[in-house]
Amino acid sequence: MSITFSKAELERYSRHLIIPEFNIEGQRKLKEAKVLVIGSGGLGSPVLLYLAAAGVGHLGIVDFDVVDDSNLQRQVLFTVEDVGRPKAEVAKERLQKLNPYIEFTVHDTALTSENALDIIKDYDVIADGTDNFATRYLVNDACVILDKVNVYASIFRFEGQVSVFNYPDQDGVRGPHYRDLFPSPPPPGMVPSCSEGGVMGVLPGMIGTMQANEVIKVITGIGKPLSGRLFLFDTLAFETRTMKIRKNPNTAPVTALIDYEFFCGSGHEDQPEAVAEITAQELKEWMDNERQFQLIDVREPYEYEIANIGGELIPQGQIEAQLDQIRQDKPVVLYCRSGNRSADVLRSLKTKGFDNLYNLKGGVLSWAEHIDPEMAKY
Ligand SMILES: Nc1ncnc2c1ncn2[C@@H]1O[C@H](COP(=O)(O)OP(=O)(O)OP(=O)(O)O)[C@@H](O)[C@H]1O
């Protein structure tokens with residue numbers, strides 16, 4: 001079906017149409033495009049407003065939440081009258097008034113491992129405006145599985161970052177994705193959310209408009225998308241940096257969605273539950289006495305290569321897929337660099353019914369200090 005524009009649309013988009021590099025072709029590509037914006041909060045608001053205004057033909061909006069008073073400081077899609085109403089629904093009403101020439105699909109639901117592939121498959125480009133690691137890994141993995149471009153942004157207090165993941169080059173080879181940049185999530189509680197750490201209201205406006213700009217570049221093919229690069233903006237210092245991101249040969253192929261709450265160790269209590277620990281000296285004794293136990297390193301393969309104390313390598317992100325590798329007939333000792341990641345894995349395994357688990361206190365660092373000084377450089 002060939003895309004045409006009414007007189008009113010031509011008038012509306014006239015300032016785009018007179019840009020030589022953009023012109024009617026760029027506008028046509030926008031009108032043809034289906035973009036899914038996940039999260040209609042701080043980032044999602046400017047992304048949606050600008051994409052709707054620019055004339056993206058079909059916008060999908062995913063959000064499970066309702067508008068809260070504390071959202072109004074930055075979530076510029078919403079007004080006082082909207083408090084208590086579903087964000088995705090309100091967003092559509094607001095955007096439809098801004099641009100009646102485009103279509104919307106409202107997904108008033110949380111994106112989960114159960115529905116993500118089904119929702120995402122119908123769109124050309126995805127913009128992730130969510131605020132938690134579990135959803136970011138979920139969006140990433142679903143985009144990798146479905147060969148979709150994922151335009152990513154995140155914000156914290158005065159700082160933001162933007163990148164374009166899984167972008168195909170002219171030969172169709174996909175660029176790096178979120179897992180190449182962040183192989184494993186930070187320990188739960190280490191990176192506070194906006195509600196815990198706060199965020200300047202203007203920040204999502206600045207970062208979200210850059211995200212929208214990348215979406216437009218990806219759709220129209222104009223310019224050089226932020227693929228293979230991570231843009232960082234410290235608004236207090238007014239300093240920007242652009243880091244190169246490469247494909248990580250150790251990133252495991254993404255073939256299926258997993259339990260992302262488990263993977264990220266979220267759903268945790270404020271005070272993490274204590275875990276059974278073993279010191280480096282005790283572990284050494286177990287080894288010297290040839291005691292029967294399973295030793296598992298939950299770090300990334302590249303960390304294992306730098307220094308390890310033996311055992312099997314099952315990176316934190318792959319534990320869930322390899323539960324059958326974990327022995328139930330003898331004690332299991334889990335280790336990582338400092339003991340935090342392995343403690344999270346241990347807690348998660350307990351919720352899956354595993355028992356007789358020990359965490360190496362202080363991890364490889366403690367082993368290096370007490371048992372093997374050769375490793376001290378690690
Ligand atoms: N899995 C998910 N599915 C759908 N929407 C999500 C998901 N995870 C997060 N979101 C949405 O992403 C948006 C992120 O917006 P923002 O970062 O401004 O945080 P918030 O949750 O609205 O505010 P606060 O953290 O201050 O309570 C929220 O509207 C949230 O509901």
Could you derive backbone 3J(HN,Hα) for the stretch 101-115 from the dihedral phi with the Karplus parameters 6.51, -1.76 and 1.60 (θ = phi - 60°), listing whole Hz in sequence and x where the residue is Gly or Pro?
8, 10, 9, 10, 10, 9, 10, 7, 7, 7, 6, 10, 4, 6, 10
So for the stretch 287-334, averaging the separation of alpha carbon pairs under 8 Å that are six or more residues apart and normalising by length, what relative contact order in percent results?
49
Please list, by residue number, everything in the stretch 348-363 whose backbone N is under 11 Å from a paramagnetic label point 7 Å out along Cα→Cβ of Trp286.
356-361
Heavy-atom accessible area of the stretch 215-346 with neighbours in place, 1.4 angstrom probe: carbon+sulfur share in percent works out to 47
Per 0.36 nm of contour for each residue apart, how much would the distance between Leu10 and Tyr302 grow if the chain were fully extended, relative to their Cα-Cα spacing?
99.7 nm
Using the Karplus curve 6.51 cos²θ - 1.76 cosθ + 1.60 with θ = phi - 60°, work out ³J(HN,Hα) for each residue of the stretch 156-169 in order, rounded to whole Hz, and write x for Gly and Pro.
8, 6, 10, 10, x, 9, 9, 7, 10, 9, 6, 8, x, 7
Of the GluC sites (Glu not before Pro) in the stretch 90-180, those whose Cβ has at most 12 other Cβ within 10 Å and which sit in DSSP loop
Glu114
Checked the stretch 87-126 against the a/c 1.5 cut and the a/b vs b/c comparison, axes a ≥ b ≥ c from its Cα gyration tensor; verdict oblate
Suppose R0 equals 51 Å; then what is the FRET efficiency for Glu93 and Glu374 from their Cβ-Cβ distance, rounded to the nearest 0.05?
0.20
With label points set 7 Å from each Cα along the Cα-to-Cβ direction at Gln318 and Met243, the distance between them in nm comes to 2.4
Estimated distance in nm for a label pair at Gln328 and Val83, the labels positioned 7 Å out from Cα along Cα-to-Cβ:
5.1
Using the C-alpha gyration tensor of the chain, what are the square roots of 5 times its eigenvalues, in whole angstrom, with the largest one first?
45, 21, 18
With both partners inside the chain, how many of the DSSP beta bridges are antiparallel, as a percent to the nearest 5?
40
Once fully extended, how much extra length lies between Leu257 and Val173, figured as 0.36 nm per residue of separation less the alpha-carbon to alpha-carbon distance?
28.1 nm
What list of ³J(HN,Hα) couplings, whole Hz, do you get for the stretch 69-76 from phi and the Karplus terms 6.51, -1.76, 1.60, once you set θ to phi - 60° and write x for glycine and proline?
3, 6, 7, 5, 5, 8, 8, 6
Tell me which DSSP H helices of the chain clear both cut-offs, 24 Å or more of axial length from alpha-carbon atoms and a mean Kyte-Doolittle hydropathy of at least -0.5.
202-220
Residues of the stretch 186-228 with amide nitrogen under 20 Å from the 7 Å Cα-to-Cβ point of Leu146?
212, 214-220
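The values are calculated or read from the model by the stated rules, or taken from the named source; none is laboratory data. Predicted model, so just to flag it, every value in this text is computed and none were measured. When we count neighbours, we look across all protein chains shown, and the Cβ atoms used for this are built from the backbone with ideal geometry, even at glycine. The protein model used for the area step is the full one, side chains on, heavy atoms only, and it has no ligands, DNA or RNA in it. Shrake-Rupley method; radii C 1.70, N 1.55, O 1.52, S 1.80 Å.
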